[in-house]
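Down below is the structure, laid out as structure tokens.
A short reminder: the numbers here are calculations on the coordinates, not readings from a lab. Note that the coordinates shown come from a computational prediction; the quantities given were computed from them, not determined experimentally.
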Amino acid sequence: MRRKIVCDTLPAMNSRVLILLLFSAVLSAQTNVGRISGTVQDSSGAVIPDSALTVTNPATGFKLGGKTDASGSFVLPSVPSGS
């Protein structure tokens, strides 16, 4: 009889563990940094390779520089949020 009770509670325990894992994954995904990516183009739409760029937060004075690649694309992976 005791064995049956343990077996009956295992699915409930598995559900609780699964829910905890899902919530911990969601909570760990929250962060205070973001990512900015794009392509630098001139007024005719041509890409501009090896172009320097700067992202500035006027409220905090934070500045982050970057450079486009050969195809005019850039990624700034860790831009702090805030104002």
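Find how much the distance from Ile48 to Asn32 grows on full extension, using 0.36 nm per residue of separation minus their present alpha carbon separation; answer in nm with one decimal.
Values: separation 16, 0.36 × 16 = 5.76 nm, distance 3.03 nm.
Here the answer is 2.7 nm.
Report the full-extension gain for the segment Phe62 to Val75: residue separation times 0.36 nm, less the Cα-Cα distance, to one decimal in nm.
Values: separation 13, 0.36 × 13 = 4.68 nm, distance 1.71 nm.
Result: 3.0 nm gained on full extension.
Mind listing the long-range amide H neighbours of Ile36? Cut-off is under 5 Å, sequence gap 5 or more, other chains count too, H placed in the peptide plane at 1.01 Å from N.
Leu76, Val79
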